[in-house]
Every structure is written in C-alpha cells, then in structure tokens.
1. Residues being in a strand (DSSP E or B) and open to solvent by 80 Å² or more (accessible area, probe 1.4 Å): count how many of those fall in segment 165-183.
2. Answer yes or no as to whether Gly116 is within 11 Å of the chain's Cα centre (by Cα) and either in a strand (DSSP E or B) or farther than 30 Å from Lys63 by Cβ (or both).
3. Which pairs turn up if I take residues in segment 118-147 that are closer than 20 Å to Phe195 by Cα and look for partners that are basic (Lys, Arg) and not in a strand (DSSP E or B) with beta carbon separation below 7 Å, at least 6 apart in sequence or on another chain?
4. Just to verify a result, which residue in segment 100-139, among those that are among the charged types (D, E, K, R) and crowded, with 17+ Cβ neighbours inside 10 Å, is farthest from Thr172 (Cα to Cα)?
5. Being of a type in the set (Lys, Arg) and more than 15 Å from Tyr40 (Cβ to Cβ) is the filter here; which residues of segment 97-147 pass it?
6. For segment 46-88, enumerate the residues that are among the charged types (D, E, K, R) and touching a residue at least 12 places away in the same chain (Cβ under 8 Å).
7. Open to solvent by 20 Å² or more (accessible area, probe 1.4 Å) and under 14 Å from the mean Cα position of the chain (by Cα), is that true of Ile92?
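The values are calculated or read from the model by the stated rules, or taken from the named source; none is laboratory data. Since the model is a prediction, treat every value here as computed from it, not as a measurement. Positions of Cβ are backbone-derived with ideal geometry, glycine not excepted, and every protein chain shown enters the neighbour counts. Note: areas computed on protein heavy atoms with side chains; ligands, DNA, RNA excluded. Shrake-Rupley method; radii C 1.70, N 1.55, O 1.52, S 1.80 Å.
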Amino acid sequence: MKSAVFIFTILSVLFSNATAQLADDTWKEEEDNTESWYTYWGVGYASVSYPSALQVLIDYLNKQDGVDNTSIALDMLGFYWHIAPKTIAGIIINTAGDRFTYNGEYFQLNQYIYGGSVIHYMGERFGSGFFLRADAGLAKLVIQDSDGNSTGSDSGFGFLAGGGWSIDFGGTRMLLNVNYAIRNIESEKYSVLGFSIGGLF
C-alpha cells in the first residue's frame, strides 16, 4: 500500500511539472508575438438610431433638399494591457458623430462611451484572426453647431459589443470591426451600428 502511495505521489509531481512546463512554453510562445502594452485607434461609418421623438426630426431633416448628413464611428485613446495570452483589457473612448450641414452651417450630435474594454482573440495566436470585443462605461451626448455652441447631456451608461477580423503585420494589427453600441442617457436610448477599421499598435 505504501508503495502504491509513493508511486502515485511521484507520478503526480511529474505530471504537474510537465503541465506547468507546457503552460510556460505556451505563454513564452505568445510572448514572442505580444508587447507589454498597446494603443488602439479606429475610424469608420456609423448607422445611428435615436429616441423616437428625435428620430422623427432626424428623418425629416434627411428628406430636405440641400441637407447633407455625414456619420462616422471613432475609437480613440485606447490603451490596453494583457490579462491573458490572447486577451487584452484597458480603457477607450468610443464615439459616433452625426453631422447635418446646410448652406455651410452645421450641427452635430456626438455620442460617447468612456469605458473599460476587453478584446479577446479566438484563434491560436494573439493578433490574428477572429476576435471579440466588449466595452462598458459612462455615456454622454454632446450637441455642437457651427457657431461654436455646445450642449452636453447628463452622464448615462453605455455598452458596446462587437467583433471582427484581425490581420497581424508583425507588431501592428489591422482590425476590421462590426460593433453595436447602446447608450442610455437621461432615460432615452441611443444606438449605433458601426463598421470601422482600426490599428492596434
């Protein structure tokens, strides 16, 4: 009986050492393809939806002759660090700008999420292939016009979920994104479907 316990103990130690070595080798392989920190920036097209009363006004404006509407999606000031070999977490500002221009004058509605963010790669290596992203944080709406006026809302809560495909150029990753963001601001819901391209450096 003592011999069986002794053999089991030896096998357990050997197995745990082998497992630990395998984990170390996997992490070392991932470290060869990673940095200590990253910055992320992105730009693209935004399809914006507003609360019903405001959406009626937006739809009316879009039907008027001479009114130009430009909508963009932006990710800026993103900073990330590894929390696992294929997962990074950090902070970022996600925004959508919706500008209406007529005879050289404009007004613009900007939506923001100032929040935490996580990006996880689903494939075998960090920086390549399919990835998922989730953000959450404070949300805000700011209205600006060509006269320099600016009005901001109270802070609310925003959430973003998305994903896409990443191409690793060796130290620089190009991310092709599809993201959906919801912002609850002053008891109203604003949503944005964004298609963007970004750089993770």
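1. 2
2. It is true that Gly116 is within 11 Å of the chain's Cα centre (by Cα) and either in a strand (DSSP E or B) or farther than 30 Å from Lys63 by Cβ (or both).
3. His120/Lys86; Tyr121/Lys86
4. Looking at the filtered set, the residue picked out is Asp135.
5. Correct list: Arg99, Arg125, Lys140.
6. Asp68, Asp75, Lys86
7. The answer is no for Ile92.
Table: residues versus (1) within 16 Å of Ile72 (Cβ to Cβ); (2) among the charged types (D, E, K, R); (3) in a strand (DSSP E or B).
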{"position": "Ala136", "(1), (2), (3)": "no, no, yes"}
{"position": "Lys140", "(1), (2), (3)": "no, yes, yes"}
{"position": "Leu160", "(1), (2), (3)": "yes, no, yes"}
{"position": "Gly163", "(1), (2), (3)": "no, no, yes"}
{"position": "Lys189", "(1), (2), (3)": "no, yes, yes"}
